[in-house]
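Participant: Here you go, one structure.
The values are calculated or read from the model by the stated rules, or taken from the named source; none is laboratory data. Values in this document were obtained by computation on a predicted structure and should not be read as measured data. FYI the Cβ positions are ideal-geometry reconstructions off the backbone, even for glycines, and counts take in every protein chain you see.
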Amino acid sequence: MKSIYKLISVSLVLALTLFIGCEDRSELNAPAPPNTGSVSFERFVTLGNSLTAGYQSSSLFQSAQVYSFGAQIAKLVDVKYEQAYMSDPGSGGRIEVGSLSPFSLKVNSGKGAPVNLNYAAPYNNLGVPGAFVYDILNAKSSLTCYTAKAGQPNPLFDVVLRGQGSEFQQAKAQKPTLLSCWIGANDVLGYATSGGVNPLTDAATFGFLYNQLADSLASLKTKVIVANIPSVTSIPFFTTIPAALKDPASGAIITLYGQTTTGIRALVPGQDLLTLPASSILLNASGAPTGVGLSPSNSIPNQFVLDKDEVSKVQTAISTFNGIIQAAATAKNFVLVDFNSFFNNVAANGLNVDGLHLTTAFATGGLFSLDGVHPTNTGYAVVANEYIKKINEKLGGTIPTINVSTVPGSIILLKQVRISKYEIPIIPKGSLDHVLF
């Protein structure tokens, strides 16, 4: 009898196995793609600068590029998205953590190489680190880009463009079904990050170039998303190094002196800003003051100081440029992503998303990489979500946003970082000299 029951049991198991094996479970294995509304992502193309390229920690490298905002959007909607990958450690000068206690940086001396240089068609991601608004229509190589006019050719134009034409020309060749263009930050950042030494694009020139660009984008007869310029003075590059030191023993405030547009004077916290590279001249390798900035006779050089008048000039330029971008977007019926307002709000209040609390704090905030300008993998996911929200709002999509907590953090430091006793990270001289924006 037991053998009969055993035979029946085995038969039932086999029958059940066959039934499950034959069951059509295609609905479980192939979920429906997200509703993208009135836009097709079939030929999704992105134009811009380092923020589009996926640049972070002063380098362009593949393990970060896969988290560019365009790549994260393309993965979400399951479309092809080719990029100008550079093998790790990237395009050169990548900034890495040298020590956690006290917190210091180091530069990786290694350099990678282009991974898919022989890809026949134009890349979907045509963002070039260092691109100005002029470059989208006009730059075709390192020798014809905006900075080459000042004697500084940018080799990354050759890596991305590969002699196939400008960013716009290569976008046009792909007949894009959706195109993003985020440009203009460098027309301000070049001035701001140099402490006002490098020129600022004047408003008339910016307006002429951006409107020319808007006309060209509109001629493609496709869905276009543009983004405006964030408030650059609220990023870690300008908010990390205080304009006065605090004596760790007594708590007394130590006045710092810097070279400004009105001469050498005491710097005013909250009005005058020091750039992140100022750390390299204020502190030595052990985190002790070097003496620079402690007296008018040994003042902080101009290139490390963005004084209150220069801050005002930067803020005016950003407001003017963003007004030009807004007007062009309205006139051409482009979708506009307002990153200026978004990042101002994040700087003031932080960002709570998917169980994470992100801030604009240098190294520990989770949003910005070690160059103090460009996002982390997590930060680029946040940027991608702002694009997705606008696509849903303006183009009728119901695309789910990226779960930011699932994106591997490129900087996972949290409370491990111990800043030097003067509350300044130790940044070696020259480590931020070659950051592209």
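Participant: Every residue in the range 50-93 that is surrounded by 21 or more Cβ atoms within 10 Å (Cβ to Cβ) and of a type in the set (S, T, N, Q), please.
Facilitator: Answer for the range 50-93, where residues must be surrounded by 21 or more Cβ atoms within 10 Å (Cβ to Cβ) and of a type in the set (S, T, N, Q): Ser50, Thr52, Gln56, Ser57, Ser58, Ser59, Gln65, Ser68, Gln72, Gln83, Ser91.
Participant: Closer than 20 Å to Thr233 by Cβ, of a type in the set (S, T, N, Q) and in contact with a helix residue (DSSP H, G or I) (Cβ under 9 Å, 6 or more places away or on another chain): is that true of Thr359 in this structure? Spell out the reasoning first.
Facilitator: Values: closer than 20 Å to Thr233 by Cβ: yes; of a type in the set (S, T, N, Q): yes; in contact with a helix residue (DSSP H, G or I) (Cβ under 9 Å, 6 or more places away or on another chain): yes.
Yes.
Participant: Regarding Asp309, is this residue within 19 Å of the chain's Cα centre (by Cα) and either crowded, with 17+ Cβ neighbours inside 10 Å or not aliphatic (A, V, I, L, M) (or both)? Even if it seems obvious, please write down each step before you answer.
Facilitator: Values: within 19 Å of the chain's Cα centre (by Cα): no; either crowded, with 17+ Cβ neighbours inside 10 Å or not aliphatic (A, V, I, L, M) (or both): yes.
No; evaluated as a whole, the condition is false for this residue.
Participant: Of everything in the range 346-357, what is touching a residue at least 40 places away in the same chain (Cβ under 8 Å) and outside any loop (DSSP other than H, G, I, E, B)? Give them in sequence order. Can you show your working first?
Facilitator: Of all residues in the range 346-357, those touching a residue at least 40 places away in the same chain (Cβ under 8 Å) come to 347, 353-356.
Result: Ala347, Val353, Leu356.
Participant: Same structure again: Would you confirm whether or not the range 66-84 contains a residue that is without any contact (Cβ under 8 Å) to a residue 40 or more places away in the chain, closer than 30 Å to Pro400 by Cα, among the β-branched types (Val, Ile, Thr) and assigned to a loop (DSSP other than H, G, I, E, B)?
Facilitator: First, pick out the residues of the range 66-84 that are without any contact (Cβ under 8 Å) to a residue 40 or more places away in the chain: 66, 75, 79.
With closer than 30 Å to Pro400 by Cα added as a condition, the list becomes 66, 75, 79.
After this cut, where a residue has to be among the β-branched types (Val, Ile, Thr) as well, the list is 66, 79.
Add one more test, that the residue is assigned to a loop (DSSP other than H, G, I, E, B), and what stays is 66, 79.
Checking the range 66-84: at least one residue is without any contact (Cβ under 8 Å) to a residue 40 or more places away in the chain, closer than 30 Å to Pro400 by Cα, among the β-branched types (Val, Ile, Thr) and assigned to a loop (DSSP other than H, G, I, E, B).
Participant: Could you pull out the residue among Lys389, Lys429 that is surrounded by fewer than 17 Cβ atoms within 10 Å (Cβ to Cβ), without any contact (Cβ under 8 Å) to a residue 24 or more places away in the chain and not hydroxyl-bearing (Ser, Thr, Tyr)?
Facilitator: Numbers: Lys429 fails: without any contact (Cβ under 8 Å) to a residue 24 or more places away in the chain.
It is Lys389.
Participant: Working only within the range 84-137, note down all residues that are under 30 Å from Tyr191 (Cβ atoms) and among the polar types (S, T, N, Q).
Facilitator: Listed by number, the residues that qualify are Ser91, Ser104, Asn108, Ser109, Asn125.
Participant: Hey, any hits in the range 319-341 for a residue that's surrounded by fewer than 23 Cβ atoms within 10 Å (Cβ to Cβ), on the phi > 0 side of the Ramachandran plot, in contact with a helix residue (DSSP H, G or I) (Cβ under 9 Å, 6 or more places away or on another chain) and in the same structural domain as Ser104 (by TED's automatic domain parsing)?
Facilitator: Yes, some residue in the range 319-341 is surrounded by fewer than 23 Cβ atoms within 10 Å (Cβ to Cβ), on the phi > 0 side of the Ramachandran plot, in contact with a helix residue (DSSP H, G or I) (Cβ under 9 Å, 6 or more places away or on another chain) and in the same structural domain as Ser104 (by TED's automatic domain parsing).
Participant: In the set Val45, Val115, Val79, Val107, which member is under 30 Å from Thr240 (Cα atoms), at pLDDT 90 or above and of a type in the set (Val, Ile, Thr)? First the steps, then the outcome.
Facilitator: Values: Val45 fails: under 30 Å from Thr240 (Cα atoms); Val115 fails: under 30 Å from Thr240 (Cα atoms); Val79 fails: under 30 Å from Thr240 (Cα atoms).
Exactly one of Val45, Val115, Val79, Val107 is under 30 Å from Thr240 (Cα atoms), at pLDDT 90 or above and of a type in the set (Val, Ile, Thr), namely Val107.
Participant: Follow-up. Here are Thr364, Thr330: which of them is part of a loop (DSSP other than H, G, I, E, B), β-branched (Val, Ile, Thr) and out of contact with any His (no Cβ under 9 Å at 6 or more places or on another chain)? So that I can check it myself, show each step before the final result.
Facilitator: Details: Thr330 fails: part of a loop (DSSP other than H, G, I, E, B).
Sole residue among the options that is part of a loop (DSSP other than H, G, I, E, B), β-branched (Val, Ile, Thr) and out of contact with any His (no Cβ under 9 Å at 6 or more places or on another chain): Thr364.
Participant: Let me ask you something else. Taking the range 107-166 as the search range and keeping residues that are surrounded by fewer than 21 Cβ atoms within 10 Å (Cβ to Cβ) and of a type in the set (Ser, Thr, Tyr), which one is nearest to Gly70 (Cα to Cα)?
Facilitator: Out of the qualifying residues, it is Tyr119.
Here is a yes/no grid of residues against (1) under 29 Å from Thr193 (Cα atoms); (2) within 14 Å of the chain's Cα centre (by Cα); (3) modelled with pLDDT of 95 or more; (4) outside the structural domain of Ser280 (by TED's automatic domain parsing):
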position	(1), (2), (3), (4)
Glu386	yes, yes, yes, yes
Lys390	no, no, yes, yes
Thr398	no, no, no, yes
Ile402	no, no, yes, yes
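Participant: Exactly one of these conditions fails for Leu117: (1) out of contact with any Ser or Thr (no Cβ under 8 Å at 6 or more places or on another chain); (2) in contact (Cβ under 8 Å) with a residue 40 or more places away in the chain; (3) of a type in the set (A, V, I, L, M, F, W, C); (4) farther than 11 Å from Val160 by Cβ. Give me its number.
Facilitator: Condition not satisfied by Leu117: (4).
Participant: Something else about it: Just checking, which of Ile324, Ile281, Ile225, Ile300 is closer than 21 Å to Val346 by Cβ and within 30 Å of the chain's Cα centre (by Cα)?
Facilitator: Details: Ile324 fails: closer than 21 Å to Val346 by Cβ; Ile281 fails: closer than 21 Å to Val346 by Cβ; Ile300 fails: closer than 21 Å to Val346 by Cβ.
Checking each option against the conditions leaves just Ile225.
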